[in-house]
Every structure is written in structure tokens, then in C-alpha cells.
There are 2 protein chains.
Amino acid sequence: MAKTVEQIANDLNLSVTTVRLVLNGKAEQYRISAKTQARINQHVELYGYTLNHSARSLKLNKTDTLGLIVPNISNVFFATLAEKLELRCRRSGYQLTISCTYNDVDYENKLVRALIDRNVDGLFIVPSTLENQQHHLRQVKKPLVLLDRDFKYTDNALVESHNVEGGQRLTENLLAAGASPVWFLVGDTALPSIRDRLEGYLNALKKHGIEHRDWVLSVNENTPEGGKLIMNQLLDAHGAPDAFIASSLPMLEGAIEALRDRLGEVPQQINIGTFDEHPMLGFLANNVWSMQQDENAWAEQAFDIMQNALDGHPLKETIKVKMKLIKRTRRA
Amino acid sequence: MAKTVEQIANDLNLSVTTVRLVLNGKAEQYRISAKTQARINQHVELYGYTLNHSARSLKLNKTDTLGLIVPNISNVFFATLAEKLELRCRRSGYQLTISCTYNDVDYENKLVRALIDRNVDGLFIVPSTLENQQHHLRQVKKPLVLLDRDFKYTDNALVESHNVEGGQRLTENLLAAGASPVWFLVGDTALPSIRDRLEGYLNALKKHGIEHRDWVLSVNENTPEGGKLIMNQLLDAHGAPDAFIASSLPMLEGAIEALRDRLGEVPQQINIGTFDEHPMLGFLANNVWSMQQDENAWAEQAFDIMQNALDGHPLKETIKVKMKLIKRTRRA
DNA sequence: GTGAAAGCGCTAACAT
DNA sequence: ATGTTAGCGCTTTCAC
């Protein structure tokens, strides 16, 4: 397949420079004779030419590769984000390499090192903890775009959803539906995004003159197990709820499981709110409001910032992407 | 951060060879003096050393990188497979780069070219069509492991689930539950995996002395839209079913949507079978049987084959991984 | 026990 | 308009 520039040059008794110029479309600019161009093009047509990225990388000290580090991609949100980002990167000639941390703090640091060692040109990271974030900021001397979690203590560029506003809007819609209380099942307030959603929830309550901070039930893991635990507590203390919001899909999964385990079914009149959209939310017979994150917008914004940084214009902005409410109403 | 081998050698007035030998743990083998070793180790301790992968790749004509091409990763099965495969590859020092085709036939070919151009050492591919498969077999001169879809016309190594057996077992379990007919909603029989599931279904019927081929309803896209269309047809012709099997999760999503749209709810007594497992299947109030694919086993097997091929022992086997049945029973 | 040097294929600076 | 060359950092072969 291959054929190197030098081989082509030799075959045609030309210099590498000449061949390179036409290969790179600079033929006109350097006024390579039409005849030479034709000879080269024909040769390439015949034997092909594929640029050797390793050689190019060695020379230019860049790989035209970007890294993405997320907790996992079996989570639809991160999976979709990865898809959009990969597409956006490829559109500009970058290969994106995706890696998952599985929320393992040490493994995350190792991943960063592995990608830096492979000389990626820049890195998109969803850090697991503040410590991880600080570690990365120290280690990574390349363009870095933080995603999803604003742990503060840095002015590095960051893209996230507008969780406060989203949380508020979601809550207001559930409040408007009438059922009360609207419990808020919150997993892991160590995560800024979760904290912001909670803040939005409280804002909405306050706006409606409600001050029931005891409607908030929290646990310290953002997982199905956490959701199950907390829903069981709720059932113990108050029986079946009329309405609740889960701070994320994994929490919701656990909460629903608890309801089925304890009540034998998920009472259809419960109004449910959740963050992150998924087609299977339609499997619930209930009214379901889901606050969707806009992965496409994230990808565009994050890549823009990266592009600028690669061009030597590092930006320090925090972008908050608007969320979108999806309503599923059950038939009366 | 960096420091090259040559820099270290210069700093210590040694030759690159000596430095390399201790860096690569061949110190004992070549009996480098303890003193020299100490000096080198100390220097590295102090200033660090990171191997330049680009230079190494250029010299050795390999990148220690493998490629994975799947339809998309917003599909949990492929996402999980990608996760497991990435872990397995990293464990052996390979970086995995994941790309999605979105079922775009041309884009898929471009992706293969892009990865080959970047000189990946080998490729795992879920081909979209037979034509794609043949294209890849022609283009890819490197180790290639096909995944998920046995389009035949090749003896290339391939890893897939044992869909026939899985389909049969799933069907038998639904038949045993008593409800009848057990409809089979099948999307896109152009996909070998789907065809095998159907075959398993028919085997089960036959085994039970049932010959109702008209229980099979098919459409030509394996999507929510396909599932919706087909369930609507079923509702038109026979009313609400007592039991059905969906050939994949996307199909099930559409089928459930149709039920809700038409009946206002998903009748709880319907027994549902599906392929691929997902926690949110628990959102259905129904009995749900799901036939789960074992991504971990796929990853292990696929990597093994790849490893062998990279070591110069190309294998031509087709591996069929056993599936696992998950049962969700509703409370009476 | 340690050293020297060629060469992987590309780019960019400098010739003509 | 086209040619020459150095060098990116590594590996490998050969030499003392």
C-alpha cells in the first residue's frame, strides 16, 4: 500500500520537496509545472501514498490526537457525549481516544499519564474528585478542557450543563402538577453537578414559598444502590410518595427497584422527575419529567475551546449549556 | 517533563546504549556496573524520562494501538463491550481507540482507512453489511477480528454470542410461562445475529410441536421506529398480545411506545422477552425475560485472538459466547 | 561492560 | 520552479 514521499521522488527523479508540494496542494502556490504535477498525481494514482503519522508526529511533536476521559460509557450521557465529541474532532482532522476511569481515583491519574505519554495534543476530562482535578491541572501541560464537574479552585476552561437552572425548572414543573411533597433523592453531593441540581430544587421551593428542606433525602453514592437505600428510607418514614425527583438515572433505577420490591409495583400516580433522558423512561407508566443535557452543544463548545487553545489562544471560560425538559404524560 | 535517552546519556557521559539497557531492565543481563545503574536511576528519579511513542512507532512500524469500530456506543451493549475491551487491551499495554459508524456504510469504510492510516496494529470491527465486511477484509492487511455479525463468505476470526441457542432458550422460557401466542418482533433480518435469534425461536417452537411461522412479524430496521411499526400492525390484526419477544432493545422501546400510545398503558399481564440486558427493563411492570450477552467473555476472546495474530499466529476460529438469561417476575 | 552509528519518513530551512 | 539536508528520538547492529 504505502510508498513514501522519498520513494515517489526517486521513482520520478524529482526531489522530495517537489513531491511534497503537490501532495500538500501547494502546487499552484509554488508554481510547479503542470507536467510535473501530472506525473506525480499519476504515480500516486497508481501506487498510492499514505502519510506516515508516526514520522510526522515525531517531527512536529504533535499527534493530531485528543483524549477524552470519562467515568464510563455504559452511562448513556457520557456515551452520547463521547460520540458527539468524536464526530466533532474527526471533522477537524483529530482522532479522539476515549478512556474510562470507572470512578477509580488512581486509575484516572494513570490514564492521564498514559495519554500524555502518548503525546495527545489535548485532553478533555471529567474529573472524579477535586484532588484528581488538581492533579491533572498540575500534570497536564497541554490544552485541557474540564467537563461536567466544576470543583472550583481553578479558572481552567470548563463545560457543563446549567444544572441550577435545570433543577429549578424541573422542580417547578413537578410542583405545578400539584402533587406534594416533591421529594428530592440526591446521590453524592460531593459532585458539583448534583449539588447544583439540588440548589435549583431549593430555589424552586423557595420561589413557591415552600421551605421544606426535609424533603431532601441524600445518600453518598450516585448509584442504583444509593437510590434503593434512600427510597427504602422514604417508604419507611412516609409510605409511598406522591412525587419525587431523582438526581440522576442510576439513582432512579434504584428507587424504582425499591418501590417494586416493597409495594409489588410502581404506583402509577407517582409523579417522577429525573435528570438525563433515556428512551426507556417510557417503560414507566407514570408521568415522567426528564431534564435532558445537550451533548451536541457540549461537544461543540468543548471542541471550540480546545481548538482555540491548540491555536495558542487559551480560554478560561466556564460554559453552562442549557438543559431541555422532556415530558412524558400518562394517559388518564 | 521529558528528557530523552540521549540527553540522559550526555548528562552522565554515558552512551545511549548503556542508558537504554538499564532503562529497559536489561542491566543485569548485560552486566552494567552497579554504580552506573545507580547513576542512571538517580538521574531518572530526578528529571524523569518518558519514552517517545512516536519515535518508537516510526522505528518499529507499530503503534501499540488497536482500533475498535462499532455502530455506536449509545447502545449499552456496544458501550459495555468497548469498556471491557479497552480494559483488556490496556492490561497488555495497548491503547484502544474507539470509533462509531452510525450504520453509515461509507463512513465505516472511511473510519477503517483513517485507523489504518494511523497505523494501528490491529482492528476489531462490527461490520454494518456484508459489503463492508468484504471491503475491510480486502483493505486491512493487519490482524482483524470481526465481531457480532457473521456475514459468512470469510474464515476470518470472529466473536459473537450464541444467538441461536440464546433465542431458543429465551423462547422456551416464555413458552413455559404458558401465555400464547408468543409473537416474535424481528428487526432487520439482514443482520446475522438477528437471523440467528429468529432461528433459535423457530427451533423452540418446533421442539414444542408448534409450527406457527405467522407468529413472526418482521420489519427491516432494527430501531424503535421499526418496533413501533410492527407492534401497531400486531395490534391492528390481533389486539393486545399475551406474550412477545423483541429481537433487540431498540425494537422493544418502539413496541412499548406503540402499546402505550394505543392502549394508554402497557398491560401488565403481557409477558415480554428481549435480547440484551438493561437495568431499566425493571421499569416495566411486566414479567420480563432478557437474554444477556457476556461482554467480558467477548473482550477476553477477541483480545486473545488479536494477541495471537499479533504474535504471528493468526487464528481463523468463530467463537460463540454463551448468553445468560435474566428473569424479572412481577409480584402477583 | 560500554560505545558509535545508521535509519525509520517526515518537515522546514535554506539553496539554487 | 525544484533540490539538499538536518534532525525529531528511538531501536538495532556491530564494535571494542
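For A:I125, are the conditions met, namely being touching a strand residue (DSSP E or B) at 6+ places or on another chain (Cβ under 9 Å) and free of Cβ contacts under 8 Å to residues at least 40 places away in the same chain? No: the conditions fail for A:I125. I'm checking my understanding of the structure. Among residues of the stretch A:7-16 that are surrounded by 11 or more Cβ atoms within 10 Å (Cβ to Cβ) and over 24 Å from B:L115 (Cβ atoms), which one is farthest from DNA strand D (Cβ to nearest atom)? Restricting to residues being surrounded by 11 or more Cβ atoms within 10 Å (Cβ to Cβ) and over 24 Å from B:L115 (Cβ atoms), the top hit is A:D11.
Considering A:K3, A:K26, the condition of being assigned to a loop (DSSP other than H, G, I, E, B), near DNA strand C (Cβ under 9 Å from one of its atoms) and more than 10 Å from every other protein chain (Cβ to nearest Cβ) is satisfied by A:K3 alone.
Conditions tested, residue by residue: (1) within 12 Å of another protein chain (Cβ to nearest Cβ); (2) surrounded by 18 or more Cβ atoms within 10 Å (Cβ to Cβ).
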residue: A:V288; (1), (2): yes, yes
residue: A:W298; (1), (2): no, yes
residue: A:D311; (1), (2): no, no
residue: A:K327; (1), (2): no, no
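Count of the stretch B:17-43 residues, restricted to those that are touching a residue at least 12 places away in the same chain (Cβ under 8 Å), more than 8 Å from DNA strand D (Cβ to nearest atom) and surrounded by 15 or more Cβ atoms within 10 Å (Cβ to Cβ), is 9.
On inspection, A:G264 does not qualify as within 22 Å of A:G166 (Cβ to Cβ) and either free of Cβ contacts under 8 Å to residues at least 12 places away in the same chain or of a type in the set (G, A, S) (or both). Give the stretch B:46-73 a look and list any residue that's more than 11 Å from DNA strand D (Cβ to nearest atom), among the hydrophobic types (A, V, I, L, M, F, W, C) and surrounded by fewer than 19 Cβ atoms within 10 Å (Cβ to Cβ), or say none. If the condition is that a residue be more than 11 Å from DNA strand D (Cβ to nearest atom), among the hydrophobic types (A, V, I, L, M, F, W, C) and surrounded by fewer than 19 Cβ atoms within 10 Å (Cβ to Cβ), then B:L46 is the only one that fits.
Residue pairs whose Cβ atoms lie under 6 Å apart, sitting 6 or more positions apart in sequence or on different chains, and linking a residue in the stretch B:131-142 that is free of Cβ contacts under 8 Å to residues at least 40 places away in the same chain to a partner that is of a type in the set (A, V, I, L, M, F, W, C) and not in a helix (DSSP H, G or I), are B:Q133/B:F151; B:H136/B:I125; B:V140/B:L123. Out of (1) within 16 Å of DNA strand C (Cβ to nearest atom); (2) without any contact (Cβ under 8 Å) to a residue 24 or more places away in the chain; (3) within 24 Å of B:H136 (Cα to Cα), the odd one out for B:N61 is which? The single condition B:N61 does not satisfy is (2).
When residues in the stretch B:26-42 are screened for being closer than 18 Å to B:D11 by Cβ and out of contact with any helix residue (DSSP H, G or I) (no Cβ under 6 Å at 6 or more places or on another chain), 6 of them pass.
Contact annotation: residue pairs with Cβ atoms under 8 Å, 6 or more positions apart or on different chains, pairing a residue in the stretch A:183-198 that is among the basic types (K, R) with a partner that is surrounded by fewer than 24 Cβ atoms within 10 Å (Cβ to Cβ), are A:R195/A:T189; A:R197/A:V164.
Filtering the stretch A:160-179 to residues that are in a helix (DSSP H, G or I), touching a helix residue (DSSP H, G or I) at 6+ places or on another chain (Cβ under 8 Å) and in contact (Cβ under 8 Å) with a residue 40 or more places away in the chain leaves A:N163, A:E165, A:G166, A:G167, A:R169, A:L170, A:T171.
Laboratory data are not the source of any read-out in this text; all were calculated from the coordinates shown. Quick caveat: nothing in here was measured; it's all calculated off a predicted structure. Positions of Cβ are backbone-derived with ideal geometry, glycine not excepted, and every protein chain shown enters the neighbour counts.
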